[in-house]
Amino acid sequence: MAFYVTTPIYYVNAAPHLGHAYTTIAADVMARHHRQRGEDVFFLTGTDEHGEPVADAAHALGIEPQELADRNAERFKALAPQIDATNDFFIRTTDPQHEAKVQEVLSRVKENGFVYEGTYEGWYCPRCADFKADNEIDEGKLCPIHHIVLTREQEDNYFFRLSSFQAQLEALYGEREDFIAPRARYNEALSFIRSGLRDVPLTRHKLTWGVQVPWDHEHVFYVWFDALLNYYSALSYADPKEDLTERFWPASYHLIAKDILRFHAVYWPALLMAAELELPEHIFVHGYLLMEGEKMSKSLGNVLDPFEVIERFGADALRFYLLRDVPFGADGSVSTASFELRYETELANELGNLASRTIAMVLRYRDGKLPAGDIDPVLAEDFAGLTGRVCEHVDRAELTAALDEIWQRVRRLNRYVEEQAPWQLAKDDARAADLDRVLRSLAEGLRSVTVLLWPYLPASAERLLAALGAPELSLTGAELGAGQIETVAALDALFPKNR
Ligand code: MSP
């Protein structure tokens, strides 16, 4: 079974920030989880390098757009390993193979009769690279996102006949209620469609920084069509040995935030229909990470540096925090204070302590060796069906809910230690078999949650599983009782305090 997950491709007009890290981390959690299920996984991220935002930012710096793109694409590329993202490819829209694919697909759209010449006039935000509908404009002709004055643009363009997909898009939404999630985003996209679709510019006349239109060299493609096609084009050249399109298209999940919903929920399926390509299975729209109540973005200047957090606490702590503290799919505030609280109470005290005391007790009472035998039925009951529930949540991109299922078992194991008080059992030789069972159940429970936590906490989970002598990551082995721990080894604190 194939699983293909993507992030938006990020604009190279500025450096990466926590918001970009967020989507990439979420996609990575999904990719890792599906790999654990033994699926054939492809995970794509990259950079969106054409269009006005990039050209304007470069000119402001007195350099060419390509130079700015090269410089910042490197920084986005460097972000992935720092947050432990295991993307299979990094696409840049200035890749010549991508550009050729864009020309090929959009020529087909034209041959299929969905392109015509016309004149466009409207209010345009150069930062969004988007024309705004009249009801989207803030007072004073301001962009609702960037709070800058919109410009009145008029130009001769080629148009994409978006309007001719009205009925097909409505039918799509009718047939596939899980095409867009969460539900509020599905409703938002559907009501946009129902309000009546207008044709949109497919090309720009005045710009030069973009993919050239093959049938008219005075035009470049509008950056959004160039950008959306990355999800499709990447498969054709990511692997020099094999065209991966057959294997991975259509995408299983596009992860995006709500700022780019309309492009993905309306333009993208229409474009794919026009090109006679299959539609993605799911688009999941997560919320905004908010700092002091405003969406964090390059232009607002209130950027939190993910690199600093990683340097002090490690990538695992950042990954965990973002998916634990902000319900995936909803907006949520992030702050240093709430980060530190989660780190201390959950990572250090709950998981870290569970790991260190379990290992310490096996070392102290059984010299590191766990005798084979059954798992305590009391615990087995509380773990029954856990893997299945985690899978169901991840299948719906409910990454916070999946993590919570697992975390409840971390807490259950801590309660189990208190209930069974192994230190009391250890005092009584007659209860050696009980102590064996408690230690075995604890160690096995710890192994089970750790396998499930691996997508969220890959480095810590690997260290812990190595100490348990059970490095197997596959989800079939995650069930309580499926593993066999024989010998445990000492482990330094997973989440040290006082960093
Ligand atoms: N280049 C376009 C996307 C083209 S995809 C075919 C673009 N780039 S962007 O650099 O502005 O990135 C937007 C995306 O970054 C959001 O959709 C989201 O995935 C992520 N985020 C940026 N800021 C964010 C927050 N403050 N909170 C959550 N996600 C954030 O749009």
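Restricting attention to region 199-252, which residues are within 16 Å of the ligand (Cβ to nearest atom) and either in contact with a Pro (Cβ under 6 Å, 6 or more places away or on another chain) or free of Cβ contacts under 8 Å to residues at least 40 places away in the same chain (or both)?
Within region 199-252, Trp209, Tyr222, Pro250, Ala251 qualify.
For region 338-371, give me each residue that is more than 21 Å from Tyr456 (Cα to Cα) and out of contact with any helix residue (DSSP H, G or I) (no Cβ under 7 Å at 6 or more places or on another chain).
Scanning region 338-371 gives Ala360, Leu363, Arg364, Asp367, Lys369.
Among Asp376, Asp325, which is the only one that is touching a residue at least 24 places away in the same chain (Cβ under 8 Å) and either within 24 Å of Ala31 (Cα to Cα) or not aliphatic (A, V, I, L, M) (or both)?
Asp376
I need the full set of residues from region 64-113 which are polar (S, T, N, Q) and in a helix (DSSP H, G or I), in order please. Write out each step before concluding.
Quick first cut of region 64-113, residues polar (S, T, N, Q) only: 66, 72, 82, 86-87, 93-94, 97, 103, 107, 112.
Gln66, Asn72, Gln82, Gln97, Gln103, Ser107, listed by residue number.
Have a look at Thr47, Thr23 and point out the one that is surrounded by 24 or more Cβ atoms within 10 Å (Cβ to Cβ) and either more than 9 Å from the ligand (Cβ to nearest atom) or not in a loop (DSSP other than H, G, I, E, B) (or both). Talk me through it step by step, then tell me what you get.
On the way: Thr23 fails: surrounded by 24 or more Cβ atoms within 10 Å (Cβ to Cβ).
Within the list Thr47, Thr23, the selection yields Thr47.
So, in region 129-173, of the ones that are among the basic types (Lys, Arg) and either out of contact with any strand residue (DSSP E or B) (no Cβ under 8 Å at 6 or more places or on another chain) or part of a strand (DSSP E or B) (or both), which residue ends up least open to solvent (accessible area, probe 1.4 Å)?
Lys132
Filtering region 361-374 down to residues that are open to solvent by less than 40 Å² (accessible area, probe 1.4 Å) and modelled with pLDDT of 95 or more, which residue is farthest from Ala432 (Cα to Cα)?
Taking the candidates together, the pick is Gly368.
Take region 2-11 and flag every residue that is more than 8 Å from the ligand (Cβ to nearest atom) and either within 29 Å of Leu290 (Cβ to Cβ) or at pLDDT below 95 (or both). Explain how you work it out, then say what you get.
Within region 2-11, the first condition is being more than 8 Å from the ligand (Cβ to nearest atom), and the residues that meet it are 2-6.
Across region 2-11, the qualifying residues are Val5, Thr6.
Take region 464-475 and flag every residue that is part of a helix (DSSP H, G or I) and within 24 Å of the chain's Cα centre (by Cα). If you could, list the steps in order and put the result at the bottom.
Initially, region 464-475 is screened for residues part of a helix (DSSP H, G or I), giving 464-467, 475.
Leu475, the sole residue that qualifies.
Run Asp70 past the list (1) at pLDDT 95 or above; (2) in contact with a helix residue (DSSP H, G or I) (Cβ under 6 Å, 6 or more places away or on another chain) and report the number of the one that doesn't hold.
Unmet for Asp70, out of (1) at pLDDT 95 or above; (2) in contact with a helix residue (DSSP H, G or I) (Cβ under 6 Å, 6 or more places away or on another chain): (2).
Given Ala31, Ala85, Ala57, which one is surrounded by 18 or more Cβ atoms within 10 Å (Cβ to Cβ), in contact (Cβ under 8 Å) with a residue 40 or more places away in the chain, away from the ligand (no atom under 14 Å from the Cβ) and more than 18 Å from Ser233 (Cβ to Cβ)? It would help to see each step written out before you state the result.
On the way: Ala85 fails: away from the ligand (no atom under 14 Å from the Cβ); Ala57 fails: away from the ligand (no atom under 14 Å from the Cβ).
Result: Ala31 is the single residue among Ala31, Ala85, Ala57 that is surrounded by 18 or more Cβ atoms within 10 Å (Cβ to Cβ), in contact (Cβ under 8 Å) with a residue 40 or more places away in the chain, away from the ligand (no atom under 14 Å from the Cβ) and more than 18 Å from Ser233 (Cβ to Cβ).
Please state which one of Arg185, Arg75 is within 24 Å of Leu290 (Cα to Cα), open to solvent by 60 Å² or more (accessible area, probe 1.4 Å) and touching a residue at least 40 places away in the same chain (Cβ under 8 Å).
On the way: Arg185 fails: open to solvent by 60 Å² or more (accessible area, probe 1.4 Å).
The match here is Arg75.
Need the failing condition index for Gln36 against (1) of a type outside the set (Gly, Ala, Ser); (2) within 14 Å of the ligand (Cβ to nearest atom); (3) more than 13 Å from the chain's Cα centre (by Cα); (4) over 20 Å from Asp331 (Cα atoms), just the number.
Of (1) of a type outside the set (Gly, Ala, Ser); (2) within 14 Å of the ligand (Cβ to nearest atom); (3) more than 13 Å from the chain's Cα centre (by Cα); (4) over 20 Å from Asp331 (Cα atoms), only one is false for Gln36: (2).
Inside region 461-494, can you point out the residues that are modelled with pLDDT of 95 or more, open to solvent by 60 Å² or more (accessible area, probe 1.4 Å) and among the polar types (S, T, N, Q)?
Thr487
Collect the residues in region 262-284 that are over 22 Å from Asn112 (Cβ atoms) and either away from the ligand (no atom under 13 Å from the Cβ) or out of contact with any strand residue (DSSP E or B) (no Cβ under 6 Å at 6 or more places or on another chain) (or both), keeping them in residue-number order. Steps first, answer last, please.
Let us first name the residues in region 262-284 that are over 22 Å from Asn112 (Cβ atoms), namely 262, 281-284.
Those that are over 22 Å from Asn112 (Cβ atoms) and either away from the ligand (no atom under 13 Å from the Cβ) or out of contact with any strand residue (DSSP E or B) (no Cβ under 6 Å at 6 or more places or on another chain) (or both): Arg262, Glu281, His282.
Within the bounds of region 191-203, is there any residue that is buried (at least 22 other Cβ atoms within 10 Å of the Cβ) and closer than 22 Å to Val12 by Cα?
For region 191-203, residues buried (at least 22 other Cβ atoms within 10 Å of the Cβ) and closer than 22 Å to Val12 by Cα: present.
Under 19 Å from Gly385 (Cα atoms), charged (D, E, K, R) and buried (at least 23 other Cβ atoms within 10 Å of the Cβ): does that describe Glu405? Quick ask: steps written out before the conclusion?
Numbers: under 19 Å from Gly385 (Cα atoms): yes; charged (D, E, K, R): yes; buried (at least 23 other Cβ atoms within 10 Å of the Cβ): no.
Taking the combined requirement at face value, the residue does not satisfy it.
Taking Phe42 as meeting all but one of (1) within 11 Å of the ligand (Cβ to nearest atom); (2) of a type in the set (A, V, I, L, M, F, W, C); (3) not in a helix (DSSP H, G or I), write down the number of the exception.
(1)
Take region 225-260 and flag every residue that is closer than 27 Å to Phe159 by Cα and open to solvent by 10 Å² or more (accessible area, probe 1.4 Å).
Across region 225-260, the qualifying residues are Tyr232, Ser236, Trp249, Pro250, Ala257, Lys258, Asp259, Ile260.
The values are calculated or read from the model by the stated rules, or taken from the named source; none is laboratory data. These numbers were taken from a predicted model, which means no experiment stands behind them. When we count neighbours, we look across all protein chains shown, and the Cβ atoms used for this are built from the backbone with ideal geometry, even at glycine. Surface accessibility is based on the protein's heavy atoms, side chains included, excluding ligands, DNA and RNA. Shrake-Rupley method; radii C 1.70, N 1.55, O 1.52, S 1.80 Å.
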